[in-house]
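Data first, discussion second: the structure below is written as structure tokens.
The values are calculated or read from the model by the stated rules, or taken from the named source; none is laboratory data. Being a predicted model, the structure only gives us computed values, none of them experimental. Note that each Cβ is placed from the backbone with ideal geometry, even for glycine, and that neighbours are counted across all protein chains shown. Accessible surface areas use protein heavy atoms only, side chains included; no ligands, DNA or RNA. Shrake-Rupley method; radii C 1.70, N 1.55, O 1.52, S 1.80 Å.
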Amino acid sequence: MKPPSIYTRTDIERSTRIPSWGKSVFKQFEQDLLSETSPFPCVLGVEGFKNDLLRFAFVRSLFEIGSLQQFAASLRLYMETFRTIGRNTSFVVFFEPSQDVKTMEEYEKQFWDALQYLHELDEKEWPSHIPKDPNDPMWEFCFHGEPIFVVCNSPAHEKRKSRRSETFMMTFQPRWVFEGISAETKMGQQVKKVVRERLETYDEVEVHPALGWYGSVTNREWQQYFLRNDNESSLRKCPFHAKRSAEHVHKKSLY
């Protein structure tokens, strides 16, 4: 397996190692985040991008074990360095576009299968202070010893444009990024106000009812990871399961 590669915004603009499809999807991503006529809702992500705090990776295939192992290695490398980057950092992973746009349900399955695969390859134990039950309000996906909020974007997200991308895309935000941003802080209240106002104009569907504060009694983090175009057809049960034994790690394609 090749050494994992993660890139800064500047790296992508200059690098000759990034495939043409990667340059293309990144350009659209950049346009979305920097649009002045249609401000992107995630203000923390926008500020992070402007200050070159985001890190990126490009994965050739979601259907090959080698590519997924490279994906895990790149995320592991990011998790070892994110605290040295800055508070508004995130790790964005672009997957090579497929010829045909899949259904919302197919992308949703790919997303949860990918998270499950990452979990099974995790070299560190699940943090003791984070519950393993997704129905616990304090649950969060964890990798390499750190809790991470995860977001999925796809070409199928036509109405929920805040979750739309040119290709299948996953964003990892360490929970560390959100320290000091909660319902009880002025910063948290301001961030929520701006994000909600932007979502109302950016998306062609109402703000999803699952969006809430981490740790709130009624909040379930996993429900926010993958939001469909509508607000009524979300999964009733989290597909994620606690790590199985090493022998269950897939040897072939996940899908």
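Across region 49-138, the convex hull enclosing all Cα atoms gives 148 Å³ per residue. A quarter of the convex hull surface defined by the alpha-carbon atoms of the chain gives 13.5 nm² as the mean projection.
Taking Cα centre as origin and charging only the Cβ of basic (Lys, Arg, +1) and acidic (Asp, Glu, -1) residues, the dipole magnitude of region 1-149 rounds to 660 debye.
When the C-alpha to C-alpha distance is required to be over 30 Å, the pairs from LYS50/LYS132; LYS23/LYS237; LYS161/LYS193 that qualify are LYS50/LYS132; LYS23/LYS237.
Ligands, DNA and RNA are left out, and with a 1.4 angstrom probe the accessible area of region 175-237 is 62 Å² per residue. Calculated accessible area for region 72-125 comes out at 43 Å² per residue, all protein chains present (probe 1.4 Å; ligands, DNA, RNA ignored).
What percentage of the solvent-accessible surface of the chain, computed with a 1.4 Å probe over protein heavy atoms, is contributed by carbon and sulfur atoms? Answer for the chain is 49 percent, counting heavy atoms of protein chains only.
These residues, ARG83, ARG236, go from largest to smallest accessible area, 1.4 Å probe, as ARG236, ARG83.
For THR167, THR16, THR81, the ranking by accessible surface with the largest value first comes to THR16, THR81, THR167, using a 1.4 Å probe. For region 86-135, place one equal point scatterer on every Cα, skip the solvent, and apply the Debye formula. What is log10 of I(q)/I(0) at q = 0.14, 0.20, 0.32 Å⁻¹? Each listed q corresponds, in turn, to -0.60, -1.01, -1.20.
For region 118-255, the relative contact order is 26 percent, taking Cα pairs closer than 8 Å that sit 6 or more residues apart in sequence and dividing their mean separation by the residue count.
Per-residue ellipticity at 222 nm computed for the chain from its helices equals -10000 deg cm²/dmol, with DSSP H segments shorter than 4 residues left out and the rest contributing -39,500 (n - 2.57).
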